[in-house]
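One structure is given here, and the rest of the page talks about it.
The values are calculated or read from the model by the stated rules, or taken from the named source; none is laboratory data. All of these numbers come straight from a predicted model, not from anything done at the bench. When we count neighbours, we look across all protein chains shown, and the Cβ atoms used for this are built from the backbone with ideal geometry, even at glycine. Remember, those area values only see protein heavy atoms, side chains included, never the ligands or the DNA or RNA. Shrake-Rupley method; radii C 1.70, N 1.55, O 1.52, S 1.80 Å.
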Amino acid sequence: MDAMVTDNMKIFHTIAGVREVLRERRRQGQSVAFVPTMGNLHEGHLQLVRLAREHAEVVVVSIFVNPLQFGLNEDWEQYPRTFEDDARKLEEEGCDFLFSPDEGEIYPNGMADQTRVVVPTMTDILCGASRPGHFEGVTTVVSKLLHIVQPDKAIFGVKDFQQLAVIRRMVEDLCIPVDIIGADIARASDGLALSSRNSYLSEDERARAVILYQALCWCRDEITQGDRDFTALEAATGEKLEKGGFTTDYVSIRNARNLEPAAHDDREIAILGAMYASGARLIDNVTLSLTPTEAED
Ligand code: PAF
């Protein structure tokens, strides 16, 4: 057994170890909620853990910086690894089991030969267009983690809106017996969405980065007030990011359910944005629900 026991939390590095302890808990009739992460935990992750606690008797968190979801020129090596600190925070939040496998445990046959899970079409757009292969890496590792932990519920942040939609589709298409729960975006006091990658921002960029949220909110307000020229609104929102000193990757107004470009009579709308700072790519989104009359305007 590979468990390292802190006062209230057990840490496992092997699949066999975490499976054994969870088998026993399920045998006792306890429900399991699972929060997959890549570590470097901030308040946003801790909110996911609290939500997990509301949903089940046993809370499992995983920390695995998944190489399969990083592109060749991306930040896999640089990604902050803060295991001791993360474990302490999780224990304070009342996490029961921390699963922290290494690469050999998750990809024993190597990454090149790993069976892949691909959700087509909706992964080629938005973040998928800028990060080819990213979502294939996410769905592959998340399906493995769900098979290892076999939770009743799994919690993901709404900040990664497209990731959440892709995971919901994967779970539905592959009949994986788990409820996927989306957790609200945790924001800093100025409105910037919390992200591990915010630590890559210079002090000056950090002070200006809230423009992403502000511009998306501006766009949302325009739609609420009746503007339906989505193409012009996307362009105007992108210009706000550029004026703020960032490079716009995309701003896109979408149907919140299927991520298709929003139609004028859609009621559930998501406005998604991504922009580049000097050392980081930041994403955010806002959603709005229009009443039938508003949608027809
Ligand atoms: O959102 C993340 O942190 C990662 O994409 C996830 C879901 C843990 C998979 O590696």
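Just need a number here: residues in the range 3-35 that are basic (Lys, Arg) and within 16 Å of the ligand (Cβ to nearest atom).
Of the residues in that region, 0 qualify.
Residue-wise test of (1) touching a Phe, Trp or Tyr at 6+ places or on another chain (Cβ under 6 Å); (2) of a type in the set (Lys, Arg); (3) closer than 23 Å to residue 38 by Cα; (4) open to solvent by less than 50 Å² (accessible area, probe 1.4 Å).
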| residue | (1), (2), (3), (4) |
| --- | --- |
| 174 | no, no, no, no |
| 179 | no, no, yes, no |
| 185 | no, no, yes, yes |
| 224 | no, no, no, no |
| 236 | no, no, no, yes |
| 252 | no, no, no, yes |
| 255 | no, no, no, yes |
| 266 | no, no, no, yes |
| 275 | yes, no, yes, yes |
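Tally the residues that are of a type in the set (A, V, I, L, M, F, W, C) and open to solvent by less than 20 Å² (accessible area, probe 1.4 Å), restricting the search to the range 1-20. Walk me through how you get there before you give the answer.
Step one: of the range 1-20, the residues of a type in the set (A, V, I, L, M, F, W, C) are 1, 3-5, 9, 11-12, 15-16, 18.
With open to solvent by less than 20 Å² (accessible area, probe 1.4 Å) added as a condition, the list becomes 9, 11-12, 18.
Of the residues in the range 1-20, 4 are of a type in the set (A, V, I, L, M, F, W, C) and open to solvent by less than 20 Å² (accessible area, probe 1.4 Å).
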Long-range neighbours under 9 Å by Cβ, at least six apart or interchain, first residue within 10 Å of the ligand (Cβ to nearest atom) within the range 138-149, second at pLDDT below 95 and of a type in the set (D, E, K, R)
none
Residue 68 is checked against (1) assigned to a helix (DSSP H, G or I); (2) within 20 Å of residue 181 (Cα to Cα); (3) within 15 Å of the ligand (Cβ to nearest atom) and fails just one. What number does that condition carry?
(2)
Mind listing whichever residues of the range 36-64 are part of a strand (DSSP E or B), open to solvent by less than 20 Å² (accessible area, probe 1.4 Å) and near the ligand (Cβ under 9 Å from one of its atoms)?
37, 62, 63
For the range 180-208, which residues satisfy the criterion of being under 24 Å from residue 163 (Cβ atoms), touching a residue at least 60 places away in the same chain (Cβ under 8 Å), small (Gly, Ala, Ser) and out of contact with any helix residue (DSSP H, G or I) (no Cβ under 7 Å at 6 or more places or on another chain)?
195, 196, 199
How many residues are hydrophobic (A, V, I, L, M, F, W, C) and surrounded by fewer than 19 Cβ atoms within 10 Å (Cβ to Cβ) when one looks only at the range 22-35?
0
Residues being exposed (fewer than 15 other Cβ atoms within 10 Å of the Cβ), within 15 Å of residue 60 (Cβ to Cβ) and within 20 Å of the chain's Cα centre (by Cα): count how many of those fall in the range 80-125.
0
